[in-house]
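The values are calculated or read from the model by the stated rules, or taken from the named source; none is laboratory data. These numbers were taken from a predicted model, which means no experiment stands behind them. Heads up, the Cβs are rebuilt from the backbone with ideal geometry, glycines too, and the neighbour counts pull from every protein chain shown. Calculation scope for accessible area: heavy atoms of the full protein, side chains included, ligands and nucleic acids excluded. Shrake-Rupley method; radii C 1.70, N 1.55, O 1.52, S 1.80 Å.
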Amino acid sequence: ISPEQPTGNGIDVFITTLSAGGPLRIVVLGAVNSTLQQLVTQAISGLYTEIQVLPAPSLAATSSSVPVSVGAGNAPTTTAQGGQWTPDRVALEWERQLERIRELQPQAALIMGMADGPVDPKPLQEACQVLINASKELSEQHAASVSAGIAPRDITSQISVLYAAAPQYIEAVRRMLNGVAEVTRVEPLTTQAQLGP
């Protein structure tokens, strides 16, 4: 009943809010195994997010020996005999990751690694490199749109990066991503005891 009646029945004002935007798009990079992927999913399960997990190519090469879909046509590519990846296969994995980032157009990235296990900086370097390559592509697309007289989409110049990996590499990651991303260190999720609703 509107407006409110003299008896008090009805309403004076009705207010509603609506989110017209889509979910927060997050890409998870670095040394991401199935256990860490599960922890990430648990940690952000209460948020309105869309996540894409992209393990570092070197990690995928050493832990996967099954056919993986790559490239624009998503044609399955198998590894060489003995599960070893050829240089061409590694190059295809890099392209697949860039393609996924182009599709997702993430607003944030989470770089992960094993904080309490054997430390290898290569997956972290690869995570930084894929973000640098994606940023370069976005900048080139933006410049091409401007020079063509097309109003570009609202693209932020930097992506927000959360770093949850070996603490000794945080400064190296910040240096690599200088001018590309702002990097914030978060405590690594090493036990389920740290997780809550």
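With respect to (1) in contact with a strand residue (DSSP E or B) (Cβ under 6 Å, 6 or more places away or on another chain); (2) open to solvent by less than 50 Å² (accessible area, probe 1.4 Å); (3) not in a helix (DSSP H, G or I), the lone exception for Leu36 is condition (3).
Here Leu24 meets the list (1) within 27 Å of Ile159 (Cβ to Cβ); (2) open to solvent by 50 Å² or more (accessible area, probe 1.4 Å); (3) modelled with pLDDT under 75 almost entirely, failing just condition (3). Scanning segment 43-77 for residues that are modelled with pLDDT of 75 or more, open to solvent by 70 Å² or more (accessible area, probe 1.4 Å) and in contact with a helix residue (DSSP H, G or I) (Cβ under 8 Å, 6 or more places away or on another chain) yields one hit, Glu50. Residue pairs whose Cβ atoms lie under 6 Å apart, sitting 6 or more positions apart in sequence or on different chains, and linking a residue in segment 85-99 that is free of Cβ contacts under 8 Å to residues at least 40 places away in the same chain and farther than 21 Å from Ile132 by Cα to a partner that is open to solvent by less than 30 Å² (accessible area, probe 1.4 Å) and in a helix (DSSP H, G or I), are Trp85/Ala61. Checked against (1) of a type outside the set (S, T, N, Q); (2) at pLDDT 85 or above; (3) part of a strand (DSSP E or B); (4) in contact with a Pro (Cβ under 7 Å, 6 or more places away or on another chain), Gly10 passes all but condition (3). One residue stands out among those in segment 130-147 that are open to solvent by 70 Å² or more (accessible area, probe 1.4 Å) and not small (Gly, Ala, Ser): the one that is nearest to the chain's Cα centre (by Cα), which is Lys136.
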